[in-house]
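**Q** Can you read through this structure? Questions will come right after.
The values are calculated or read from the model by the stated rules, or taken from the named source; none is laboratory data. These numbers were taken from a predicted model, which means no experiment stands behind them. Don't worry about glycine lacking a Cβ; one is built from the backbone with ideal geometry, like all the others, and counts go over all protein chains shown.
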Amino acid sequence: MEQELYIFNTLTRTKEKFEPIHPGRVGLYVCGPTVYSDVHLGNCRTFISFDLIYRYLLHLGYKVRYVRNITDAGHLEGDRDEGDDKFAKKAKLEQLEPMEIVQKYTLGFHDVMREFNLLPPSIEPTATGHIGEQIEMIKEIISNGYAYEINGTVYFDVEKYSKEFPYGQLTNRKLEDLLEGTRELSGQDEKRGRLDFALWIAAKPETLMKWNSPWGWGFPGWHIECSAMSSKYLGETFDIHGGGMDLQATHHTNEIAQSQACNHKSPVKYWMHTNMLTVNGVRMSKTAGNGFLPGELFTGNHPLLEKGYNPMSVRFFMMQTHYRSTLDFSNEALQASEKGYARLVAAIKTLENLKASASSTSNIKELEKACYDAMNDDFNAPILVASLFEGVRIINSVNDSKETITADDLLLLKKTMHSFVFGILGLKSETSNSSSDKALQGAMEVILNIRKDIKEKKDFVASDKLRDDLNKHNIIIKDTKDGPVWEIPE
Ligand SMILES: [Zn+2]
């Protein structure tokens with residue numbers, strides 16, 4: 001861990017040197033999916049960004065405990081305290097038990113994470129598996145005087161809390177500004193303050209998912225699960241808490257308040273947030289109708305998509321924008337990234353056959369340092385990718401005998417390219433796994449074998465015709481000393 005890593009902390013709005021609470025160990029918590037529907041691409045971006053962060057921390061030699069929860073209860077429509085439970089609503093719609101909904105979409109979520117080649121987290125706790133811990137935490141918050149119960153529902157007292165602690169510091173907003181943006185309480189409301197939020201919600205007769213508690217039958221509010229599960233597995237104060245930027249203002253702000261009110265400590269040292277997705281410059285959303293699902297992106301089965309894109313080229317595409325910047329999807333950008341990814345993978349293959357010389361014309365140590373510098377600067381993957389393409393340029397120049405490389409430098413170049421491309425960016429070497437690509441691979445093998453037979457019979461007219469005909473279809477055959485190879489140029 002000689003590397004000095006800097007992380008942009010949302011809490012202080014500055015890049016800070018990363019110093020874990022316990023040397024050599026990192027506690028990382030990321031808010032996971034609410035499994036009542038297919039995971040959307042914006043969430044995938046968040047999880048892929050934190051996979052990069054997790055992989056880099058592991059690469060640096062830290063022992064990381066990575067907790068990413070599954071929200072399978074308590075998340076109400078519009079992220080508020082009233083309205084329908086997302087699971088109950090979907091269960092009615094699909095005529096299933098709420099837990100069947102949970103199972104169906106948890107499996108679907110895991111499939112997508114596998115397609116994108118994410119490492120599984122160390123622990124993936126569920127809200128329903130931690131109802132007891134949530135109840136205990138709420139009891140403690142009440143006894144510390146920061147929550148109150150009305151008709152079986154427990155509310156967090158934001159005004160009382162904010163007299164002692166800063167509330168809204170994640171978004172740098174003062175209580176008055178927050179109050180201004182909230183509607184006045186009506187006679188219908190039970191809660192005392194406009195910003196108060198539910199820790200426990202009393203069940204109605206029709207509520208499907210409910211548990212017994214000191215306040216009667218009910219279910220936990222959405223925010224309390226993350227406070228309860230993060231402190232259970234990572235301690236009352238831990239290193240990194242991440243999530244999408246949309247969680248800053250309410251979910252994460254309330255997590256801080258709950259943990260502080262329960263444990264008298266601020267729960268997190270570094271807060272990290274990923275930015276949003278746009279499609280052709282417009283924010284991706286259901287209402288804008290431009291929100292395609294990962295599956296649709298892989299098959300191309302959506303009006304906005306010209307074709308399907310391999311999960312690895314999509315992952316590579318996401319790596320070309322820093323996690324704190326907006327990521328814009330367009331067919332042009334995806335196709336450019338698909339070609340770039342193919343070039344990168346091709347160069348890594350070429351790297352295996354490079355011959356060493358007595359001297360190097362490029363400084364490989366500098367290249368390696370540039371890769372680390374990029375990642376140490378708040379996980380700047382796009383700068384890292386630019387350095388990796390410098391590596392591609394060197395590989396191709398050495399291969400074309402325009403440059404030379406020593407045996408030691410060749411080893412270092414291989415190590416650098418492999419660790420950063422596969423280990424840290426989390427890419428796999430297959431440029432495509434579609435069945436048609438596999439069929440093309442097989443067909444080309446058959447054709448090259450036929451051409452070999454023709455050449456052995458010295459029918460050079462036929463073998464040249466075969467080569468020229470393939471050329472017309474943009475398939476180039478090259479005869480090398482190790483036998484023929486084929487490629488489809490960009
Ligand atoms: Zn959360």
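**Q** Can you give me the number of residues within region 224-239 that are surrounded by 23 or more Cβ atoms within 10 Å (Cβ to Cβ) and either at pLDDT below 95 or of a type in the set (S, T, N, Q) (or both)?
**A** Qualifying residue count, region 224-239: 2.
**Q** List every residue pair whose Cβ atoms lie under 6 Å apart, where the two residues are 6 or more positions apart in sequence or sit on different chains, the first residue falls within region 226-254 and is of a type in the set (V, I, T), and the second residue, located anywhere, is part of a helix (DSSP H, G or I).
**A** Listed by first residue and then by second, the contacts come to T253/L170.
**Q** Next question, about the same structure. Just to be sure I understand the filter: pairs with C-beta atoms under 7 Å, separated by 6 or more residues or on different chains, first member in region 53-68 and in the same structural domain as F238 (by TED's automatic domain parsing), second member among the charged types (D, E, K, R) and surrounded by fewer than 24 Cβ atoms within 10 Å (Cβ to Cβ). Which pairs pass?
**A** Sorted first by the residue in region 53-68, then by its partner, the pairs are Y62/R25; K63/R25; R68/E124.
**Q** Next question, about the same structure. Across region 261-273, which residue is nearest to the ligand (Cβ to nearest atom) among those that are buried (at least 22 other Cβ atoms within 10 Å of the Cβ) and under 15 Å from Y146 (Cβ atoms)?
**A** Per the criteria, the residue is P267.
**Q** Shifting gears a bit: Out of all the residues in region 284-291, is one or more of a type in the set (K, R) and under 29 Å from G24 (Cβ atoms)?
**A** no
**Q** Can you name the number of the only condition in (1) in the same structural domain as P382 (by TED's automatic domain parsing); (2) of a type outside the set (D, E); (3) within 29 Å of G221 (Cβ to Cβ); (4) at pLDDT 95 or above that R343 fails?
**A** Single failed check for R343: (3).
**Q** Of all residues being in contact with a Leu (Cβ under 9 Å, 6 or more places away or on another chain) and in a helix (DSSP H, G or I) in region 205-225, which is farthest from the ligand (Cβ to nearest atom)? Just the residue, please.
**A** Selected residue: I224.
**Q** Being assigned to a loop (DSSP other than H, G, I, E, B) and hydroxyl-bearing (S, T, Y) is true for just one of Y167, Y105, Y148, Y155. Which residue is that?
**A** Exactly one of Y167, Y105, Y148, Y155 is assigned to a loop (DSSP other than H, G, I, E, B) and hydroxyl-bearing (S, T, Y), namely Y167.
**Q** Select, from K414, K438, the only residue that is modelled with pLDDT under 95 and either not hydroxyl-bearing (S, T, Y) or not assigned by TED's automatic domain parsing to the domain that holds A336 (or both).
**A** Sole residue among the options that is modelled with pLDDT under 95 and either not hydroxyl-bearing (S, T, Y) or not assigned by TED's automatic domain parsing to the domain that holds A336 (or both): K438.
**Q** Condition first: over 27 Å from H130 (Cβ atoms) and free of Cβ contacts under 8 Å to residues at least 12 places away in the same chain. Can you find one or more residues in region 188-205 that meet it?
**A** So far as region 188-205 goes, yes, one or more of its residues are over 27 Å from H130 (Cβ atoms) and free of Cβ contacts under 8 Å to residues at least 12 places away in the same chain.
**Q** Out of the residues in region 146-194 that are modelled with pLDDT under 90 and on the phi > 0 side of the Ramachandran plot, which is surrounded by the fewest Cβ atoms within 10 Å (Cβ to Cβ)?
**A** Only one residue tops the list, namely N172.
**Q** Moving on. I'm trying to understand the selection: among the residues of region 21-47, which are surrounded by fewer than 21 Cβ atoms within 10 Å (Cβ to Cβ), under 19 Å from D239 (Cα atoms) and not small (G, A, S)?
**A** Matches in region 21-47: I21, H22, P23, R25.
**Q** Sort out which residues of region 369-379 are surrounded by 18 or more Cβ atoms within 10 Å (Cβ to Cβ) and in contact (Cβ under 8 Å) with a residue 24 or more places away in the chain, and write them in order of number.
**A** C371, Y372, M375, N376, D378, F379, listed by residue number.
**Q** Could you please let me know if F317 is aromatic (F, W, Y) and in a helix (DSSP H, G or I)?
**A** When the stated conditions are applied, F317 passes them.
**Q** Sort out which residues of region 11-40 are under 18 Å from L57 (Cβ atoms) and hydroxyl-bearing (S, T, Y), and write them in order of number.
**A** Selection gives Y29 alone.
**Q** Another question, if that's okay. Given (1) more than 16 Å from the ligand (Cβ to nearest atom); (2) closer than 30 Å to F329 by Cα; (3) surrounded by 23 or more Cβ atoms within 10 Å (Cβ to Cβ); (4) among the hydrophobic types (A, V, I, L, M, F, W, C), identify the lone condition not met by L5.
**A** Failing condition for L5: (3).
**Q** Next question. Taking D378, is it touching a strand residue (DSSP E or B) at 6+ places or on another chain (Cβ under 9 Å) and outside the structural domain of G235 (by TED's automatic domain parsing)?
**A** yes
**Q** Within region 51-75, track down each residue that is part of a strand (DSSP E or B) and polar (S, T, N, Q).
**A** T71
**Q** Of (1) closer than 24 Å to D38 by Cα; (2) in contact (Cβ under 8 Å) with a residue 60 or more places away in the chain, H322 satisfies all except one. Which?
**A** (1)
**Q** Next question, about the same structure. Among the residues of region 124-138, is there at least one that is outside any helix (DSSP H, G or I), out of contact with any Cys (no Cβ under 9 Å at 6 or more places or on another chain), surrounded by 13 or more Cβ atoms within 10 Å (Cβ to Cβ) and among the polar types (S, T, N, Q)?
**A** yes
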